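The values are calculated or read from the model by the stated rules, or taken from the named source; none is laboratory data. From a predicted model like this one, the values you see are computed outputs, not experimental measurements. Cβ coordinates were reconstructed from backbone atoms using ideal geometry, including for glycine residues, and neighbour counts include every protein chain displayed. All accessible areas refer to the heavy atoms of the entire protein, side chains included, with ligands and DNA or RNA removed. Shrake-Rupley method; radii C 1.70, N 1.55, O 1.52, S 1.80 Å.
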Amino acid sequence: MKVILFNGSRNEKGSTYTALNLVAEELGKNGVETEIFWVGGRALTGEIDALVDEAVEKIQNADGLVFGSPVYYASPSGELIAFLDRLYWKGEKFLRFKPAAALTVARRAGTTACLDVINKYITYAQQPVITSRYWNMVHGSNGADVLQDEEGIQIMRTMGRNMAWILKSIEAGKQAGVAQPEAEKKIFTNFIR
């Protein structure tokens, strides 16, 4: 089993990376392979299509996903939003039914609004949402600060364990003959006629 963790921060090795690593460590302890995919550095430099193509290729071989972002103005980074807009448009059929989690990192506030934005993408593609024992957030201005947030660290570990459990449960269901739901053709209702 494999989980791709997407780092939506402009800072490749900052607080979001630290939080994603906490989740990845717990997944590893539970026998799940991980890879951190940095979105932030390329999403707004004219490489968005190539970045999304790379991500779609990786997602096809992944069992679960984690989308991490710092909080900018009570929202995910512009880089992550641009990436998710393109990813969910281009790769929805590969995202469907893959468990996913959102995590946010903030110095102080805006985390719940940021989580809400990311979770809306996840629910768009019928993906099971992975939760923790509280909202999937940690606080800190940098990686060292994040490692001082004991509650946030526990939340990241719990999220990793929960993701591993859901992935193993899905695999056990497949082995028992439980079929994945068939995706219906989307119905679009326009209210202006």
**At R0 = 30 Å, FRET efficiency that the Cβ-Cβ distance of ALA172 and THR112 yields, to 0.05** = 0.35
**Fill in**
Counting as exposed only GluC sites (Glu not before Pro) in DSSP loop states with no more than 13 other Cβ atoms inside 10 Å, the longest exposed-site-free span of the chain is 48-181
**Prompt:** Projected onto the charge dipole of the chain (+1 at Lys/Arg Cβ, -1 at Asp/Glu Cβ, origin at the Cα centre), which of ILE166, PRO70, GLN126 gives the Cα projection farthest towards the positive end?
**Reply:** GLN126
**Prompt:** Given Cα pairs under 8 Å that are at least 6 residues apart, what percent is the relative contact order of region 92-190?
**Reply:** 26
**Asked** In whole percent, what relative contact order does region 1-128 give with Cα contacts below 8 Å and a gap of six or more residues?
**Response** 29
**Amide proton proximity set for PHE67, modelled H, under 5 Å, gap of 5+** = PHE6, ALA101, ALA102, LEU103
**Request:** Of the listed values (i) 16.8; (ii) 12.0; (iii) 10.3, grab the one calculated as mean projected area of the Cα convex hull in nm² from the structure here.
**Result:** (ii)
**Item:** Sequence-separation-based contact order of region 86-148, relative, with Cα cut under 8 Å and 6+ spacing, percent
**Value:** 40
**Item:** Mean accessible surface per residue for the chain, computed with a 1.4 Å probe while every protein chain stays in place, in Å²
**Value:** 53
**Asked** Quick one: Cα centre-to-centre distance for region 28-100 and region 113-176, in angstrom?
**Response** 14
**Complete:** Given backbone amide H placed at 1.01 Å from N, residues whose amide H is under 5 Å from that of GLN127, ignoring those fewer than 5 places away on the same chain, are PHE97
**Prompt:** Where does the chain land at 222 nm, in deg cm²/dmol rounded to the nearest 500, when only DSSP H runs of n ≥ 4 count, each adding -39500 (n - 2.57), divided by all residues?
**Reply:** -14500 deg cm²/dmol
**Asked** For region 1-75, what value does the Rg/Rh ratio take when both radii are computed over Cα atoms and Rh is the Kirkwood radius, given to two decimals?
**Response** 0.98
**Item:** Integer Hz, Karplus 6.51/-1.76/1.60 couplings in order for region 85-92, x for Gly and Pro
**Value:** 4, 6, 4, 6, 6, 8, x, 3
**Complete:** Output ordering of 37-45, 160-168 (per-residue mean of other Cβ within 10 Å, highest first) is 160-168, 37-45
**Request:** Go ahead and set up a Gaussian network model of the chain, Cα springs under 10 Å, then flag whichever of TYR88, TYR73, TYR121 fluctuates most.
**Result:** TYR73
**Carbon plus sulfur fraction of accessible area for region 118-193, probe 1.4 Å, in percent** = 55
**Item:** Most mobile of SER77, SER69, SER169 in a GNM of the chain (Cα contacts under 10 Å)
**Value:** SER169
